[in-house]
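The structure under discussion appears below in the form of structure tokens.
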Amino acid sequence: MNQEAEAQSPEFNTGDLYIEETFTDRKVGTIRRLTPVNDQGEPDPARPAVYSGMAQVMTAAGPIPLNFDIPGENLAEVCGNFSSCAQQAVEEMAQRLEEMRRDQASQIVVPGQGPQGGSGIIGV
């Protein structure tokens with residue numbers, strides 16, 4: 001293997017390991033808890049657990065997945081924070097979609113630059 005391939009080879013970080021657990025109410029969404037562990041798989045109390053939420057928003061175009069962080073010290077607190085964090089994620093997604101829509105609408109259309117290319121003149 002050459003040096004360039006070795007430099008790009010991903011290396012697993014054994015100092016930043018987590019065990020993953022998933023909790024769901026089977027209706028609204030899923031909470032993922034990442035509990036820090038050492039390289040022996042034992043709990044690492046020096047680092048806090050990390051929680052994230054997953055849900056779907058139904059739109060006219062179909063379901064859109066949402067992933068968001070949820071603050072909290074324990075599962076009960078995180079469950080209580082789920083709704084507000086999901087709502088914030090929906091609002092941020094709506095803002096991003098609106099920005100994308102505005103960007104798309106403001107693009108200048110130049111003949112011959114479309115997906116088919118060509119001169120933009122019919123019959124030539």
Fill in: Lone qualifier among 81, 74, 67 - being touching a helix residue (DSSP H, G or I) at 6+ places or on another chain (Cβ under 8 Å) and at pLDDT 95 or above
67
Worksheet item: Any idea how many residues of the range 29-55 are surrounded by 13 or more Cβ atoms within 10 Å (Cβ to Cβ) and either touching a Gly at 6+ places or on another chain (Cβ under 8 Å) or not hydroxyl-bearing (Ser, Thr, Tyr) (or both)?
Response: 17
Worksheet item: Among the residues of the range 39-49, is there at least one that is without any contact (Cβ under 8 Å) to a residue 40 or more places away in the chain, hydrophobic (A, V, I, L, M, F, W, C) and in contact with an Asp or Glu (Cβ under 8 Å, 6 or more places away or on another chain)?
Response: no
Discussion item. Quick check on the range 63-71. Is at least one of its residues more than 15 Å from residue 93 (Cβ to Cβ) and touching a residue at least 12 places away in the same chain (Cβ under 8 Å)?
Written reply: yes
Discussion item. So the check is Cβ under 8 Å with 6+ separation or different chains; which pairs have a first residue in the range 18-34 that's without any contact (Cβ under 8 Å) to a residue 12 or more places away in the chain and a second one that's in a strand (DSSP E or B)?
Written reply: 22/30; 22/31; 22/32; 22/33; 24/30; 24/31
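The values are calculated or read from the model by the stated rules, or taken from the named source; none is laboratory data. Model, not experiment: these values are computed from the prediction. In this analysis, Cβ positions are derived from the backbone assuming ideal geometry, glycine residues included, and neighbour counts consider all displayed protein chains.
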